[in-house]
Amino acid sequence: MNALLTDLYQLTMAAGYWQAGKLEETATFELFVRRLPPNRNFILAAGLQQAVEYLLNLRFGEEEIGYLKQLPQFQRVGEGFFDTLRAFRFTGDVFAVREGTPLFPGEPILTLRAPIMEAQIPETCLLSTVGFQTLVATKAARIVEAAGGRSVVEFGTRRAHSPEAGVLAARAAFIGGCAGTSNTLSGMRYGIPVFGTAAHSWVQSFPNEIEAFRQLQNLLGPKTTYLIDTYDTLEGAKRAAFLGEPFWGVRLDSGNLVELSRAVRAILDEAGFPDAKIMATGDLNEYKILELVAAGAPIDSFGVGTELATSSDAPSHGAVYKLVELGNGEQRRYTAKFSHEKATLPGAKQIFRFADSDVLARANETFAPGCEALLRPVIVRGEAVGREPSCAESREYARASVERLPKKLRSLFECEQPYRIDRSASLIKLSEEVSRRER
């Protein structure tokens, strides 16, 4: 894991901590979302596995150290700092919610406690991987909700912001509820089911459509899905029916999907293939799918690409990584920001989830039975704790967790009554004390 995959100021601050003799201080940071993206009533946490892998493998090699040495920002830094980088290992603790956990503004996705330099350097990468996958998992949950029980497959790698972003988007989309992905590497890495049909170029490469379909059927047998809109959608459906079994179904990629799906369904049924499936693709999102389902379109599954892999209507959110306390030996100082619209709460926290509300409390608090403490240890003293859930396990956990939310929160539109989040009396008291001290 290349340690230079970070912002420069993380490294200049690390040098400053070293030069100021602060390396013995322990810092606690929290990663959370300040506000929800448009029309979202919750976010779905994802990307934590990659965050853990990053921290456990973070190293500075000689090439990276050599590069830093020649930068003007490090010309006044002693050689001892670079020796510290050579020996760098993450030795701290991380507490995090499970992937697939619905969360709300101000609730920590993860809490990191480590010597201050070890805690500072990871900020950029943690925000990037957790923030991106959380966006996509949240988008996937919305699309799956709109599909109303019909399967959704992630098709977005070709439109993702990089090939690796496509791999991670597929992973996050699966956690968010998609049935699988077209991304083969994501399938191999994470055990996600992979799906694919054929492109228009396949059909165009043969002298006629029927021959293209016949050759695809020879190749894929019962997995065959014909793309039938290259020339004429209804004629394509008739040719697929003419060839008969084995085939899974057909894919519609353009046109009026409500009218075409009804006509294609009639063609397949009349030909004696009532079990043949219809998949719809083509610039779909949760709102278009909701309209198709509401119209009663006989579509069995949806393939969603661009809108999902880029979370196009909300490509970013206010994820932040903020210092909440500092410790040096027996001394501890709680920290917070009080700036307009960017205020934070001091001290490490725990989220206690009840049936219909959450309580944001201090990390050392306990509550009566009937609630669940969401933040759990995943790294302790630089070592992973136990086994992280598989993507399939996280997907099932996400499904069950979202289903437990009030129905209004699963709407595709912002609800008038947001989820209730209370603050414990102890947390309120601490915040007031820090505010008086700092002002």
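Things worth noting here:
- Neighbours by Cβ (under 7 Å, 6+ apart or cross-chain): first from the stretch 253-266, among the small types (Gly, Ala, Ser); second in a loop (DSSP other than H, G, I, E, B): Ser254/Asp229; Ser254/Gly282; Gly255/Asp229; Ser261/Ala297; Ser261/Pro298; Ser261/Ile299
- Here is the figure for the stretch 371-394: residues that are more than 20 Å from the chain's Cα centre (by Cα) and either small (Gly, Ala, Ser) or not in a strand (DSSP E or B) (or both) total 7.
- Some residue of the stretch 30-51 being part of a loop (DSSP other than H, G, I, E, B), without any contact (Cβ under 8 Å) to a residue 60 or more places away in the chain and not hydroxyl-bearing (Ser, Thr, Tyr): no
- Long-range neighbours under 7 Å by Cβ, at least six apart or interchain, first residue within 16 Å of Ala398 (Cβ to Cβ) within the stretch 138-162, second of a type in the set (Lys, Arg): Thr138/Arg40; Glu145/Arg410
- Single residue of Leu4, Leu55 found to be outside any strand (DSSP E or B), surrounded by fewer than 19 Cβ atoms within 10 Å (Cβ to Cβ) and either at pLDDT 95 or above or of a type in the set (Phe, Trp, Tyr) (or both): Leu4
- Which listed residue is in the same structural domain as Lys349 (by TED's automatic domain parsing), of a type in the set (Gly, Ala, Ser), within 24 Å of Leu168 (Cα to Cα) and surrounded by fewer than 18 Cβ atoms within 10 Å (Cβ to Cβ), from Ser394, Ser390: Ser390
- For the stretch 142-160, taking the residues that are touching a Ser or Thr at 6+ places or on another chain (Cβ under 6 Å), under 15 Å from Ser301 (Cβ atoms) and of a type outside the set (S, T, N, Q), the one that is surrounded by the fewest Cβ atoms within 10 Å (Cβ to Cβ) is identified as Arg150.
- Being among the aromatic types (Phe, Trp, Tyr), modelled with pLDDT of 95 or more, under 25 Å from Ala169 (Cα atoms) and part of a helix (DSSP H, G or I) is a property that holds for Tyr287.
- Residues satisfying the stated conditions in the stretch 219-233, i.e. surrounded by 14 or more Cβ atoms within 10 Å (Cβ to Cβ) and either assigned to a strand (DSSP E or B) or out of contact with any Pro (no Cβ under 9 Å at 6 or more places or on another chain) (or both): Thr225, Tyr226, Leu227, Ile228, Asp229, Thr230, Thr233
- Residue count for the stretch 76-121, restricted to those that are among the small types (Gly, Ala, Ser), in contact with a helix residue (DSSP H, G or I) (Cβ under 8 Å, 6 or more places away or on another chain) and buried (at least 18 other Cβ atoms within 10 Å of the Cβ): 3.
- Only one of the numbered conditions (1) assigned to a helix (DSSP H, G or I); (2) crowded, with 20+ Cβ neighbours inside 10 Å; (3) within 30 Å of the chain's Cα centre (by Cα) is violated by Leu268, and that is (3).
- So Ser311, is it in contact (Cβ under 8 Å) with a residue 40 or more places away in the chain, polar (S, T, N, Q) and either surrounded by fewer than 19 Cβ atoms within 10 Å (Cβ to Cβ) or in a loop (DSSP other than H, G, I, E, B) (or both): yes
- Filtered by the rule that a residue be surrounded by fewer than 24 Cβ atoms within 10 Å (Cβ to Cβ) and either among the hydrophobic types (A, V, I, L, M, F, W, C) or part of a helix (DSSP H, G or I) (or both), the stretch 179-188 gives Ala179, Thr184, Leu185, Gly187, Met188.
- Only a single criterion out of (1) surrounded by 19 or more Cβ atoms within 10 Å (Cβ to Cβ); (2) modelled with pLDDT of 95 or more; (3) within 18 Å of Pro37 (Cβ to Cβ) is not satisfied by His317, namely (2).
- Matching residues, the stretch 369-394, being closer than 20 Å to Arg353 by Cβ, touching a residue at least 60 places away in the same chain (Cβ under 8 Å) and out of contact with any strand residue (DSSP E or B) (no Cβ under 9 Å at 6 or more places or on another chain): Pro389, Ser394
- Within the stretch 131-141, if we keep just the residues that are over 10 Å from Cys178 (Cα atoms) and among the hydrophobic types (A, V, I, L, M, F, W, C), the residue that is surrounded by the most Cβ atoms within 10 Å (Cβ to Cβ) turns out to be Val136.
- Taken together, the criteria place Ile192 among residues that are touching a residue at least 60 places away in the same chain (Cβ under 8 Å) and not hydroxyl-bearing (Ser, Thr, Tyr).
The values are calculated or read from the model by the stated rules, or taken from the named source; none is laboratory data. The structure presented is a predicted model; accordingly, all values stated were derived computationally and were not measured. Positions of Cβ are generated from backbone atoms using ideal geometry, with glycine treated the same way; all protein chains shown enter the neighbour counts.
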